[in-house]
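Participant: Sharing a structure with you now.
Since every read-out is calculated from the coordinates, none of them should be taken as a lab result. None of these values were measured; they are calculated from a predicted model. Cβ placement follows ideal geometry from the backbone for every residue including glycine, while neighbour counts extend to all protein chains displayed.
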There are 2 protein chains.
Amino acid sequence: MTNDRVLINDAFENVKAEVEKALSSSPSIIKSYTHYLSLARGKFIRAYALLTCSLDSDNKINTDAVKLATAVELLHLATLVHDDVIDNADTRRGIDTLQKRFGKRTAVICGDYLFCLAIKKASEISDQSKFKKLDLALYMEKICLGELNQHINNNNIDLSMRQYLKIISGKTAALFEASCYGGACVGGFDNSELKKYKRFGRYLGMIFQLTDDCIDFEETKANAKKPVQSDYEQGVITLPLIYAFSQKDQLKSKAKAKRLSREEINASVASSGGLKLTRLLSQRYYKKAALIIDDLNADKSKKNILMEVLDKAFYGLQGKKT
Amino acid sequence: MTNDRVLINDAFENVKAEVEKALSSSPSIIKSYTHYLSLARGKFIRAYALLTCSLDSDNKINTDAVKLATAVELLHLATLVHDDVIDNADTRRGIDTLQKRFGKRTAVICGDYLFCLAIKKASEISDQSKFKKLDLALYMEKICLGELNQHINNNNIDLSMRQYLKIISGKTAALFEASCYGGACVGGFDNSELKKYKRFGRYLGMIFQLTDDCIDFEETKANAKKPVQSDYEQGVITLPLIYAFSQKDQLKSKAKAKRLSREEINASVASSGGLKLTRLLSQRYYKKAALIIDDLNADKSKKNILMEVLDKAFYGLQGKKT
């Protein structure tokens, strides 16, 4: 194992190559679908967070971390494929979704298949005791329940801030937590350190989602390099709008009557302070996460990389510091 | 572990109770759906086969076998829930399917959740080295591909016998193989014995499916205590009909023109010899499976129980010896 340790950039490239390989080397019957998925690559932010958390005292990463990061990205992809079936979504990462292109039925099976690939990859980890500590199945369960919670609350304009935070805590933060905690598990740190990475991951996920929620109202598609201005249209009510609803009674009545335009929504989340509040909440998580990094038993260079990951989640993937 | 060994009937009751517990103790958000699933219990034939294969020299069963059998039944349930989404099926085990009752989106998430529960249960096995040997993820992958293969060939009246056997080998036989092999793995047998259980499981699955295919044409719903006379209507072309098509050109033309009545189909699979051929093929598997049982390093009483399992698969769950 020690011989196979690599630097973070190499490890990151290895994860990308492993995911690519998993998608392109599937049996012929499913290859056209998995190959299609590989055309639109994600940003692998969960994998990168996992690798960063696993960095050892020589700033190296072991092969188990690469395998686990591959599993996490495949798992993430599986949830996206099923999410798109559930949300009836047309585009993802700039191209037609699998369900749009090949139908819902095929997408259900492909999602299941990716699930299996993820489990298979995770089961290849040489040190299974560390993997067992992570308890990936428990996180997968949390993610399912978060997804169900979101689905149930689709178009629910009466959603409270508290309910919303619970949804994203399951839907997004759980996989970030699993990634950071999992990275630390295969990194071999002791229990008191593991707890810190776990909390760090949860905060990172919350920040990532809250930033994403703001971007949906603020950015154009070209700027964001992803579909924006679409949450509300898909029935996903996020924090900035929930706050705007709480401040402007008229807005809610209009939404109920389905007479709310996108322009009106964008203006309202800004003028009501919904975006500001969301950023403020995100900032609280940011400060807590930064304190955890500071408190880690790690050297300056690892702490710097973790801060970079945190900044990316907070300022958006464009890295824009506003 | 040794203290916890129980007799097969107790172990079987334990599995049923564990599945029930898993379905009824889920978080409140998903409970109404999983509870609904528990209303129509399956026959747990895969669990029973697994437990039987795990029987030790004292004819006892250990707790790992109970856990694995529970995981297999949850996994089976997960595949059924997604199958029903894919096949747009209305009834399952005598009641509305989850997708019919609560919608496709909910059913996709519930299937995913059951998948997670299965993995979680399997990860509770105390001897993970034995579990690793089983490689459940590989079997899950096979089952997905079998399902996809069936979906792709839905309504394909040109399906060959060879293609059909490949489909059921993935769809049904893979999980039976995983069950019997898994039972033997947690039973702690040596590699040469494990190979036998693996082959036994595959044959058992083929027999089970081929019998099921015949029952669909021969039985009434009341007799079979399950939906019959429905494969063709759902676009599932099975062996008896494939053979009938190969013998009667007219039949195929009629099917192409969608002018084939259920009465005509039932009569044709009988008169063409399609049912007879399917039974004959099943009988070949039966003989091979019986030889494996005979060859096992097990006592008479275990061999008898395995023969009972084999008979049930061959003659149908009613146990009718025709």
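Participant: Whole percent per 10 Å bin, from 0 to the bin with the longest distance: what is P(r) over all C-alpha pairs of the range A:1-126?
Facilitator: Per 10 Å bin, starting at 0, the Cα pair percentages come out as 14, 43, 29, 12, 2.
Participant: So, one more: Taking springs between alpha-carbon atoms closer than 10 angstrom, which of A:36, A:197, A:139 fluctuates most in the Gaussian network model of chain A?
Facilitator: Among A:36, A:197, A:139, the largest GNM mean-square fluctuation belongs to A:36.
Participant: For peptide B:73-82, how many partner chain Cβ atoms fall within 10 Å of a residue's Cβ, on average?
Facilitator: 1
Participant: Next question, about the same structure. At R0 = 35 Å, how high is the FRET efficiency between residue A:101 and residue A:138 if r is their beta carbon distance? Nearest 0.05 is fine.
Facilitator: It comes out at approximately 0.60.
Participant: In peptide B:139-148, what is the residue-averaged number of other protein chain Cβ atoms found within 10 Å of each Cβ?
Facilitator: 6
Participant: Let me spell out the model: positive unit charges on the Cβ of Lys and Arg, negative unit charges on the Cβ of Asp and Glu, origin at the Cα centre of the range B:93-250. What dipole size does that give, in debye rounded to 20?
Facilitator: The calculated dipole for the range B:93-250 is roughly 420 debye.
Participant: Inter-copy label distances at residue B:39, 7 Å along the Cα→beta-carbon direction, one decimal in nm, shortest first?
Facilitator: Spacings between copies for this position, smallest first, are 4.3 nm.
Participant: To continue, here is another question. Pairing the Cα long axis of helix B:191-218 with the longest principal axis of chain B, what angle in degrees results, from 0 to 90 and rounded to the nearest 10?
Facilitator: Roughly 40 degrees between the two axes.
Participant: Related question: Using the beta-carbon distance between residue B:124 and residue B:161 and R0 = 41 Å, what value does 1/(1 + (r/R0)^6) give for FRET efficiency, to the nearest 0.05?
Facilitator: 0.50
Participant: Please work out the Cα center distance from the range B:1-72 to the range B:98-153, rounded to the nearest Å.
Facilitator: Taking the Cα centre of the range B:98-153 as reference, the centre of the range B:1-72 is 16 Å away.
Participant: Name the residue farthest towards the positive end of the dipole of the range B:65-128 from the options B:115, B:98, B:76, assuming +1 on Cβ of Lys and Arg, -1 on Cβ of Asp and Glu, about the Cα centre.
Facilitator: So the residue we want is B:98.
Participant: Please report, in debye to the nearest 20, how large the charge dipole of chain B is about its Cα centre when each Lys and Arg carries +1 at its beta carbon and each Asp and Glu carries -1 there.
Facilitator: For this selection, approximately 580 debye.
Participant: List the distances, in nm and shortest first, from the label point of residue A:58 to the matching label points in every other copy, placing each point 7 Å from Cα along the Cα-to-Cβ direction.
Facilitator: Once sorted, the set of distances for residue A:58 reads 4.9 nm.
Participant: Right, next: Considering only A:45, A:7, A:27, whose Cα is most displaced toward the positive end of the charge dipole of the range A:1-72, charges sitting on Cβ of Lys, Arg (+1) and Asp, Glu (-1)?
Facilitator: Toward the positive end, the furthest listed residue is A:27.
Participant: State, to one decimal in nm and shortest first, how far the label point of residue B:220 sits from each corresponding label point in the other identical copies (label point: 7 angstrom along Cα-to-Cβ).
Facilitator: 7.1
Participant: Amide H neighbours of residue A:91 under 5 Å, counting only residues 5+ apart in sequence or on other chains, H built in-plane at 1.01 Å?
Facilitator: Excluding prolines and chain starts, which carry no amide H, the hits are A:97.
Participant: Right, another one. Picking from B:271, B:285, B:250, whose Cα lies most toward the positive end of the charge dipole for the range B:248-289 (charges on Cβ: Lys, Arg +1; Asp, Glu -1)?
Facilitator: Value: B:285.
Participant: Between residue B:35 and residue B:190, what is the spin-label point distance in nm, taking each point 7 Å from the Cα along the Cα→C-beta axis?
Facilitator: With each label point 7 Å from Cα toward Cβ, the separation is 5.2 nm.
Participant: Counting Lys and Arg as +1 and Asp and Glu as -1, each charge on the Cβ, what is the dipole of the range B:1-122 about the Cα centre in debye, to the nearest 20?
Facilitator: Charge dipole, the range B:1-122, about its Cα centre: 360 debye, nearest 20.
Participant: Against the longest alpha carbon principal axis of chain B, how many degrees, from 0 to 90 and to the nearest 10, is the axis of helix B:8-24 turned?
Facilitator: Roughly 80 degrees, rounded to the nearest 10.
Participant: Let me ask something else. For the residue pair residue B:24 and residue B:291, what label-to-label distance in nm results when each label sits 7 Å from Cα along the Cα-to-beta-carbon direction?
Facilitator: Each label point lies 7 Å from its Cα, and together they span 4.7 nm.
Participant: Shifting gears a bit: For helix A:136-152, what angle does its Cα long axis make with the longest principal axis of chain A, in degrees from 0 to 90 and rounded to 10?
Facilitator: 10 degrees
Participant: Still on this structure, please answer the following. Over the alpha-carbon set of chain A, work out the extent along each principal axis and list the three values in angstrom, largest first.
Facilitator: Sorted from largest, the Cα extents of chain A read 64, 50, 33 Å.
Participant: Hey, in the GNM for chain A with a 10 angstrom Cα cutoff, which one of A:249, A:87, A:96 fluctuates hardest?
Facilitator: Of A:249, A:87, A:96, the Gaussian network model singles out A:249 as fluctuating most.
Participant: How many Cβ atoms of partner chains, on average, are near each residue of B:297-305 if near means within 10 Å of its Cβ?
Facilitator: What the average comes to for B:297-305 is 0.
Participant: So if each residue of separation counts as 0.36 nm, and I subtract the Cα-Cα distance between residue A:247 and residue A:307, what length gain in nm does that give?
Facilitator: Contour length minus the Cα-Cα distance gives 18.2 nm.
Participant: Sticking with the crude label model, points 7 Å out along Cα→Cβ, report the distance from residue B:90 to residue A:88 in nm, one decimal please.
Facilitator: 2.3 nm
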